[in-house]
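The values are calculated or read from the model by the stated rules, or taken from the named source; none is laboratory data. This is a predicted model, so every value here is computed, not measured. Because the Cβ atoms are built from the backbone with ideal geometry, glycine has one as well, and the counts that use them run over all protein chains shown. When the accessible area is computed, the model is the full protein with side chains, heavy atoms only, and any ligands, DNA or RNA have been set aside. Shrake-Rupley method; radii C 1.70, N 1.55, O 1.52, S 1.80 Å.
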Amino acid sequence: KEMYRAVIDKMTKSMDEGGNWKKIKPITVDKSNAPCKEVILKGDDVDITKFPWFKNNPADVGRYVNTGAVFMEDPQLGRNVGTYRCQVKGPKKIGVNPEVGQHGWVFVMRAKQRGEKVKQVAVVLGTDPIVWAMSSSKLADLGQDELDFAGGFLGKPVELVKCETSDLLVPANAEMIIEGEVPTGELEDEGPYGEMFGYLGKKHKNFYMNIKAITHRKK
């Protein structure tokens, strides 16, 4: 009961007088103050298979990058932060699996309609629990920034830093950033994968990312 009351109190304080969730816009910090930049891997040094991803379920097609927040930006809609599973496909390739209609899918489709051959994407791992919760929730509508809401819950701005290979801004205090390009007009097989409902999903076609850089903390 004490924990329940504490949560209700925290949630209430996260609302303004009109009953809306408070928002605080993120800020940008210098690269020298970003723990996620302690190690920077590019070119031949990029090999996602060297990291200890695990196979979640016995019948899964392989290993997956887990608990990643996928960052994208759109000229009109701004930033989107969503949670989409990412299959490890090779040293420099992972799947990116937004389902049809999800905001990440909308962002990639809009890039394709603009004639862009690739969409710049960053997968952020080991961010703080509030940013991760916003990534995994449906709190932000299309065109709203999940990081504004995260700042409101945190009571302070989320600190961001620029990616190495694109203009995307990502949480400076994250543990790992996987930067890359998602071809907008190509799909590959993804899955099968054990779904959260308790059944084995079918193999289907979805997006993939060619990894351009990996940055992470030393520990």
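Between residue 76 and residue 22, what FRET efficiency comes out of the Förster formula 1/(1 + (r/R0)^6) with R0 = 22 Å and r the beta carbon distance, rounded to 0.05?
0.35
Using amide H atoms built in the peptide plane, which far-off residues or other-chain residues are under 5 Å from residue 86 H to H?
Amide H to amide H, under 5 Å and 5 or more residues apart or across chains, residue 86 pairs with 65.
Find the accessible area per residue for the range 1-60; the probe is 1.4 Å, ligands and nucleic acids are left out, and the unit is Å².
Working: 4670 Å² over 60 residues.
Dividing the accessible area of the range 1-60 by its residue count gives 78 Å².
Take the Cβ-Cβ distance between residue 138 and residue 175 as r, set R0 to 25 Å, and report the resulting FRET efficiency rounded to the nearest 0.05.
With R0 = 25 Å, the Cβ-Cβ based efficiency is 0.50.
Considering only protein heavy atoms and a 1.4 Å probe, what is the carbon-and-sulfur percentage of the accessible area of the chain?
Taking all protein chains in place, the chain shows 53 percent carbon and sulfur surface.
Sort the following peptides by mean Cβ neighbour count (other Cβ atoms within 10 Å, averaged over residues), highest first: 212-219, 79-86, 191-198, 122-129.
79-86, 122-129, 212-219, 191-198
Return one whole number: the accessible area per residue of the range 78-191 in Å², for a 1.4 Å probe.
So the range 78-191 comes to 39 Å² accessible per residue, rounded to a whole number.
Kindly give the semi-axes, whole Å and largest first, of the ellipsoid equivalent to the range 1-111, taking each as the square root of 5 times a Cα gyration tensor eigenvalue. List each step's numbers first, then the result.
Details: eigenvalues 204, 85, 73 Å².
So the equivalent ellipsoid measures 32, 21, 19 Å along its semi-axes.
Looking only at the chain, where both bridge partners belong to it, what percent of the DSSP beta bridges are antiparallel (to the nearest 5)?
On the way: 44 of 46 bridges.
If I count the DSSP bridges inside the chain, around 95 percent turn out antiparallel.
Could you report the accessible area of residue 53 in Å², rounded to 10, computed with a 1.4 Å probe on the protein chains as they sit in the structure?
Rounded to the nearest 10, that gives 40 Å².
Could you compute how fast the chain diffuses translationally, taking Rh as the Kirkwood radius over C-alpha pairs and applying Stokes-Einstein at 4 °C with viscosity 1.567 mPa s? Give it in µm² per second.
71 µm²/s
Would you give the gap between the C-alpha center of the range 114-169 and the C-alpha center of the range 1-76, rounded to a whole Å?
7 Å
Quote the accessible area belonging to residue 130 in square angstrom, nearest 10, computed with a 1.4 Å probe and with ligands, DNA and RNA left uncounted.
Only protein atoms counted, so the area is about 50 Å².
Treating cross-link reach as a plain straight distance, find the lysines whose alpha-carbon is under 29 Å from the alpha-carbon of residue 205, omitting any fewer than eight places away in the same chain.
List returned: 42, 50, 55, 89, 92, 93, 112, 117, 119, 138.
Name the aspartates and glutamates eligible as straight-distance cross-link partners of residue 25: C-alpha to C-alpha under 14 Å, and not fewer than 8 places from it in the same chain.
145, 146, 148, 159
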